[in-house]
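**Q** Structure incoming, see below.
The values are calculated or read from the model by the stated rules, or taken from the named source; none is laboratory data. In this text the structure is predicted, and so the values were computed from the model without any measurement. Ideal geometry is used to build each Cβ from the backbone, glycine not excepted, and the neighbour counts take in all protein chains shown.
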Amino acid sequence: MISFIKGKIVKNNIKDIIIEVGNIGYHVFITRKLYENIKDIDSEVSIFTYLDVKENSIALYGFFDEKEREIFKLLLSVSGISTKTAHNILCHIGFDEIIRLITGKQSLSSIKIPGLGLKKMEIISTSLKDKIVKLSSTEYLDSIPSVTTKDLTEREQYRLEALTALMNLGYVRMEAEKLIREAIKLFGENKYTTGDLIKKALEIASI
């Protein structure tokens, strides 16, 4: 899999570019945010990529950062969403807007994407909400010596699981920890689960 490309821009359109790397031109479909941050032709660019291989075609998609690529992959996990549809979505809305839709902070009807109706947007919102909550895993806990799940308080376990989920979404650890701390403060003494903590942290990130 081609996960990263660094080279010179030789063609630049709103939805796709051509990057020259070692005398080879790579055609890359790009997102709105990446397009907005790309410089002029002949300038050098570094982008995260996703290689889509099908029986009759191969396509390369480019992203501004790892968080955007992770959202693209999550979109592909939704039933009925193809790579072209996922790319079309990210050509119109960015990572923060998708997170606001997932957390209910932004109305689905406020988003207009050609070829994508409200019903499909509702399916995407519901599916991604579940996927994000399920991103938490025990791998991070297992990597910490002298600390096991049994040793953790319930709230500490939720915190670590939520932290892992945010890092899987592409947030660097320091940024993820800050979001989790702010979320915990907002909950105060109220009870919460890992899913509640993740949703609240993502709401804070989208503000």
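**Q** When you check I124 against the structure, is it at pLDDT 80 or above, under 17 Å from the mean Cα position of the chain (by Cα) and assigned to a helix (DSSP H, G or I), yes or no? Show your work before the answer.
**A** On the way: at pLDDT 80 or above: yes; under 17 Å from the mean Cα position of the chain (by Cα): yes; assigned to a helix (DSSP H, G or I): yes.
Criteria met by I124.
**Q** Quick one: is L60 surrounded by 12 or more Cβ atoms within 10 Å (Cβ to Cβ), under 23 Å from L101 (Cα atoms) and free of Cβ contacts under 8 Å to residues at least 60 places away in the same chain?
**A** Working: surrounded by 12 or more Cβ atoms within 10 Å (Cβ to Cβ): yes; under 23 Å from L101 (Cα atoms): no; free of Cβ contacts under 8 Å to residues at least 60 places away in the same chain: yes.
Answer is no for this residue.
**Q** So, one more: Could you pull out the residue among I17, I89, I5, I47 that is surrounded by 15 or more Cβ atoms within 10 Å (Cβ to Cβ), free of Cβ contacts under 8 Å to residues at least 60 places away in the same chain and closer than 21 Å to I123 by Cβ? Explain how you work it out, then say what you get.
**A** Numbers: I17 fails: closer than 21 Å to I123 by Cβ; I5 fails: closer than 21 Å to I123 by Cβ; I47 fails: closer than 21 Å to I123 by Cβ.
Exactly one of I17, I89, I5, I47 is surrounded by 15 or more Cβ atoms within 10 Å (Cβ to Cβ), free of Cβ contacts under 8 Å to residues at least 60 places away in the same chain and closer than 21 Å to I123 by Cβ, namely I89.
**Q** Check segment 140-155 and report whether any residue there is farther than 27 Å from I81 by Cβ, at pLDDT 55 or above and not charged (D, E, K, R). Walk me through how you get there before you give the answer.
**A** Keep residues of segment 140-155 that are farther than 27 Å from I81 by Cβ, which gives 140-155.
Narrowing the set further to residues that are at pLDDT 55 or above leaves 153-155.
From the residues that got through so far, the ones that are not charged (D, E, K, R) too are 153.
Yes, segment 140-155 has at least one match.
**Q** Here's another thing I want to ask about it. Looking only at segment 52-72, count how many residues are among the aliphatic types (A, V, I, L, M) and more than 15 Å from N88 (Cα to Cα).
**A** 2
**Q** When you look at I111, is it under 26 Å from R32 (Cα atoms), touching a His at 6+ places or on another chain (Cβ under 8 Å) and at pLDDT below 85, yes or no? Can you show your working first?
**A** Values: under 26 Å from R32 (Cα atoms): yes; touching a His at 6+ places or on another chain (Cβ under 8 Å): yes; at pLDDT below 85: yes.
Yes, satisfied.
**Q** Restricting attention to segment 41-100, which residues are aliphatic (A, V, I, L, M) and assigned to a strand (DSSP E or B)?
**A** Kept after step one, since they are aliphatic (A, V, I, L, M), are these residues of segment 41-100: 41, 45, 47, 51, 53, 58-60, 71, 74-76, 78, 81, 86, 89-90, 93, 98-99.
Listed by number, the residues that qualify are V45, I47, L51, V53, I58, A59, L60.
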